[in-house]
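The values are calculated or read from the model by the stated rules, or taken from the named source; none is laboratory data. Quick caveat: nothing in here was measured; it's all calculated off a predicted structure. Cβ coordinates were reconstructed from backbone atoms using ideal geometry, including for glycine residues, and neighbour counts include every protein chain displayed. These area figures cover heavy atoms from the full protein model, side chains too; ligands, DNA and RNA do not enter into them. Shrake-Rupley method; radii C 1.70, N 1.55, O 1.52, S 1.80 Å.
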Amino acid sequence: MSDANDPPRQDQLDSHLAPLAPLLGKTWKGAFPSPSSEPPTLDIMRWERALNGKAVRVLHSVGDGIYGGETIFRWDEEKQAVVYHYFTTADFMTIGTARFEDGQMVTHEIVHGAGGGVTELRGKNRLLSDGKLRVWSEQRVGGEWQPGSEMIYEEEPEAEVIFQ
């Protein structure tokens, strides 16, 4: 039996973040669609338990570090929601909320800074039965929702998140 003063175990995760547990400790690789004559641009992301299990951290890099970011997911008691901040190597960041329904994470985020005309993003992440991760998104530009991207990520333990 543990006492409230016991230090958190290395595998403990805030119960509100529990649906993210299957992604943790793994590195994922996805390829952006490209013409068949060109090598694909890769997105590498690493999911980690952070802040004694009170947060989940995701690092990712695109194209060997030409772009990248860091996301921190945490439970916000005041908002009664999982909130996240996504910091990028570009001139913008996003603040969003995530909810878990029907076996997937549903996200909505607001862009702050120079997001190239994109003001909002929404998406879905689902761990598929074959162990792959499907990530779908759309973006709001000029007040209109437009298709974003859809990618399939595979676990790739040897891949590395790179920042330049």
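For region 98-115, residues that are within 12 Å of the chain's Cα centre (by Cα) and over 18 Å from residue 59 (Cα atoms) total 2. In this structure, does residue 115 turn out to be modelled with pLDDT under 95 and crowded, with 17+ Cβ neighbours inside 10 Å? Judged against the criteria, residue 115 is a match. Scanning region 13-36 for residues that are charged (D, E, K, R) and assigned to a loop (DSSP other than H, G, I, E, B) gives a single hit, 14. Hey, any hits in region 56-69 for a residue that's open to solvent by less than 70 Å² (accessible area, probe 1.4 Å), assigned to a loop (DSSP other than H, G, I, E, B) and out of contact with any Gly (no Cβ under 9 Å at 6 or more places or on another chain)? Yes, region 56-69 has at least one match. If you go through region 37-47 and keep only what is of a type outside the set (D, E, K, R) and either in a strand (DSSP E or B) or under 17 Å from the mean Cα position of the chain (by Cα) (or both), you end up with 42, 44, 45, 47.
Every residue, every condition in (1) acidic (Asp, Glu); (2) out of contact with any helix residue (DSSP H, G or I) (no Cβ under 6 Å at 6 or more places or on another chain), yes or no:
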residue: 44; (1), (2): no, yes
residue: 51; (1), (2): no, yes
residue: 56; (1), (2): no, no
residue: 60; (1), (2): no, yes
residue: 63; (1), (2): no, yes
residue: 67; (1), (2): no, yes
residue: 72; (1), (2): no, yes
residue: 78; (1), (2): yes, yes
residue: 84; (1), (2): no, yes
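Looking at region 96-110, is at least one residue in contact with a Phe, Trp or Tyr (Cβ under 7 Å, 6 or more places away or on another chain), open to solvent by 50 Å² or more (accessible area, probe 1.4 Å), charged (D, E, K, R) and modelled with pLDDT of 95 or more? No, that holds for no residue. Looking across region 127-155, the residues that are touching a Leu at 6+ places or on another chain (Cβ under 9 Å) and either under 17 Å from residue 34 (Cα atoms) or open to solvent by 50 Å² or more (accessible area, probe 1.4 Å) (or both) come down to 127, 134, 139, 140, 148, 151, 152, 153, 154, 155.
On the given criteria, is residue 144 in contact (Cβ under 8 Å) with a residue 60 or more places away in the chain and among the acidic types (Asp, Glu)? Considered against the rule, which asks whether it is in contact (Cβ under 8 Å) with a residue 60 or more places away in the chain and among the acidic types (Asp, Glu), residue 144 comes out as no.
Within the option set 18, 50, being of a type in the set (Gly, Ala, Ser), under 16 Å from the mean Cα position of the chain (by Cα) and closer than 25 Å to residue 130 by Cα holds for one residue only, 18. Residue check: residue 109 meets all listed conditions (1) out of contact with any Leu (no Cβ under 6 Å at 6 or more places or on another chain); (2) over 23 Å from residue 156 (Cα atoms); (3) of a type outside the set (Gly, Ala, Ser) but one, namely (1). The conditions of being of a type in the set (Gly, Ala, Ser) and more than 22 Å from residue 50 (Cα to Cα) are not met by residue 96.
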